[in-house]
Amino acid sequence: MANFQQILNDEIRRLARKETSGTLKELKAQLVELRKVTNELNRRLKALESKEPQTAVAPGAPSAETPETAKALRVTPERIVKWRTNLGLNKSQYAELLGVNLLSVIRWESGKSTPREEQKRRIVAVRDMGKRELAKLMAEKNINVKSK
């Protein structure tokens, strides 16, 4: 009787291995195919990312995002402090000039947060203003700067 049980168990194991082997081969083939697709998609993504600045604008149209403006939006805490002090403004005056909260300027300068894109554009616009434009804007916003 033990011999019959042993033969039955061996046959069940053999059939189970055969069935799982076939399923496993199918799954491995699918995995290989998915890896190929993933690699191809990653290559396409890298190609698109490298071409992004050129393809963002329609051919023949003037580019709104030139290398100068892309570079101009590099706003770091050290640069914010430098630009603010060059203007001779304290943090609250600078915040009022940019139209933001005082705590925002404090967090930017300490590096605890970064300005959003719109705020970066305002910071860069103020940085690039001439003395007359800046004086006019400060007069409109009633910001008085003490002369040294």
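Evaluate the following for Lys136: is it part of a loop (DSSP other than H, G, I, E, B) and either out of contact with any helix residue (DSSP H, G or I) (no Cβ under 7 Å at 6 or more places or on another chain) or not assigned by TED's automatic domain parsing to the domain that holds Leu98 (or both)? No, not satisfied. Of all residues in the range 87-140, those being loosely packed, with under 15 Cβ neighbours inside 10 Å and in contact (Cβ under 8 Å) with a residue 24 or more places away in the chain number 7. Of all residues being of a type outside the set (A, V, I, L, M, F, W, C), within 19 Å of Asp128 (Cβ to Cβ) and not in a helix (DSSP H, G or I) in the range 63-90, which is modelled with the highest pLDDT? Just the residue, please. Among residues in the range 63-90 that are of a type outside the set (A, V, I, L, M, F, W, C), within 19 Å of Asp128 (Cβ to Cβ) and not in a helix (DSSP H, G or I), the one modelled with the highest pLDDT is Thr76.
The values are calculated or read from the model by the stated rules, or taken from the named source; none is laboratory data. As the structure is a computational prediction, the values presented were derived from the model and not from experiment. Reconstructed Cβ throughout: ideal geometry from the backbone, glycine too, with neighbour counts over all protein chains shown.
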